[in-house]
Amino acid sequence: MMRQLILATAVSMFAGAGAAQAPNLGGAMLHILIEQDGDGLVLEYETPVSGPIELFLYPGEMYNGAASVLDETYYSGRYGWLANGFFNLPAGSGVFVENLGTTAGLSVYDAFSYAPILGTDGSSDIWQWSGQMTHNWYSATEPGVYSASYRVYVGNATTQEPLAGWEAAEIMLEWFVPFDCVADVNGDGMLSPTDFTAWINAYNNSDPECDQNGDGSCTPTDFTAWISNYNAGC
Ligand SMILES: [Ca+2]
Ligand SMILES: [Ca+2]
């Protein structure tokens with residue numbers, strides 16, 4: 001009974017806190033299993049991943065505290081590092097992830113602190129994995145295809161230098177933000193005068209495509225916005 005009361009209080013406090021909330025993973029978890037194999041590491045997807053996964057923007061959502069770095073971005077927390085089996089590493093060592101190359105425009109934030117990591121905003125290209133399941137955040141602000149190549153190795157916990165004689169493993173993760181052309185109202189992949197007719201139709205029916213300025217409603221100002229979007233091109 002007490003537990004239920006506490007829970008109810010917590011929920012109402014959260015609801016009273018306003019719009020801020022926790023970010024969304026964006027879909028099912030996709031784990032990259034890290035396994036020790038003798039003097040080396042092996043990486044493997046827990047479930048097969050074919051091709052880039054989508055980064056999502058959640059219009060109007062604002063996130064709590066440090067998580068606000070994800071506000072108004074396309075992001076995903078689906079990829080996570082996860083231990084597979086037991087580790088027996090030398091004393092004073094740890095497992096590190098090193099950024100070998102990340103597409104410009106892709107930002108990476110720590111799963112828990114939301115601090116920029118792995119080269120984002122001038123941060124170190126090396127990040128230490130705690131050994132726990134860790135879903136870092138990957139975000140972008142523009143449509144496109146993004147990738148990050150990582151080397152995972154056993155290193156000295158102080159200097160982060162790879163331990164001699166230990167074999168590292170590499171993996172490339174991929175994401176995408178779909179190219180979304182709002183002025184292409186009839187969705188045929190081209191901008192043409194027929195989109196004008198389509199916009200009029202969308203306006204008359206208050207279809208979602210009517211909203212050209214992205215304010216969530218269909219009003220006459222969206223006509224000016226459509227012209228502007230049309231002239232801007234796709
Ligand atoms: Ca069109
Ligand atoms: Ca609008």
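Summed over the range 136-158, the residues that are part of a loop (DSSP other than H, G, I, E, B) and crowded, with 19+ Cβ neighbours inside 10 Å give a count of 1.
When the residues of the range 159-200 are filtered to those that are assigned to a loop (DSSP other than H, G, I, E, B), of a type in the set (V, I, T) and within 16 Å of ligand 2 (Cβ to nearest atom), which remaining residue is farthest from T141 (Cα to Cα)?
We begin by selecting, within the range 159-200, every residue assigned to a loop (DSSP other than H, G, I, E, B); these are 159-161, 163-166, 168, 178-193.
Right, trim to of a type in the set (V, I, T) and you get 159, 182, 185.
Applying the additional criterion that residues be within 16 Å of ligand 2 (Cβ to nearest atom) yields 182, 185.
On the way: V182: 16, V185: 22 Å.
Residue satisfying both the conditions and the ranking: V185.
Just give me the residues in the range 31-53 being at pLDDT below 95 and among the charged types (D, E, K, R), in sequence order. Within the range 31-53, none qualify.
Can you find a residue in the range 167-184 that is more than 25 Å from the chain's Cα centre (by Cα) and under 30 Å from S93 (Cβ atoms)?
Going through the range 167-184, the residues more than 25 Å from the chain's Cα centre (by Cα) turn out to be 167-168, 183-184.
Now drop any that are not under 30 Å from S93 (Cβ atoms), which leaves 167-168.
Yes: the range 167-184 contains one or more residues that are more than 25 Å from the chain's Cα centre (by Cα) and under 30 Å from S93 (Cβ atoms).
Have a look at A168, A198 and point out the one that is within 16 Å of ligand 1 (Cβ to nearest atom) and not basic (K, R). Please lay out each step first, then the result.
Values: A168 fails: within 16 Å of ligand 1 (Cβ to nearest atom).
One residue alone meets the criteria, A198.
When the residues of the range 208-230 are filtered to those that are more than 29 Å from the chain's Cα centre (by Cα) and outside any helix (DSSP H, G or I), the one that is nearest to G60 (Cα to Cα) is C218.
Note on the range 201-210: among residues that are at pLDDT 95 or above and touching a helix residue (DSSP H, G or I) at 6+ places or on another chain (Cβ under 6 Å), the one that is nearest to ligand 2 (Cβ to nearest atom) is C210. The lone criterion from (1) within 32 Å of the chain's Cα centre (by Cα); (2) among the small types (G, A, S); (3) within 16 Å of ligand 2 (Cβ to nearest atom) left unmet by G233 is number (3). Cβ-Cβ distances below 7 Å connect the following pairs, each with a first residue in the range 122-146 that is closer than 14 Å to G77 by Cβ and assigned by TED's automatic domain parsing to the domain that holds E98, a second residue that is among the polar types (S, T, N, Q) and part of a loop (DSSP other than H, G, I, E, B), and a separation of six or more residues or different chains: S139/T73; A140/T73. Would a scan of the range 191-203 turn up a residue that is in contact with a Cys (Cβ under 8 Å, 6 or more places away or on another chain) and within 23 Å of E72 (Cβ to Cβ)? There is no residue in the range 191-203 that is in contact with a Cys (Cβ under 8 Å, 6 or more places away or on another chain) and within 23 Å of E72 (Cβ to Cβ).
The values are calculated or read from the model by the stated rules, or taken from the named source; none is laboratory data. Just so you know, these numbers come straight off a predicted model, no measurement behind them. Note that each Cβ is placed from the backbone with ideal geometry, even for glycine, and that neighbours are counted across all protein chains shown.
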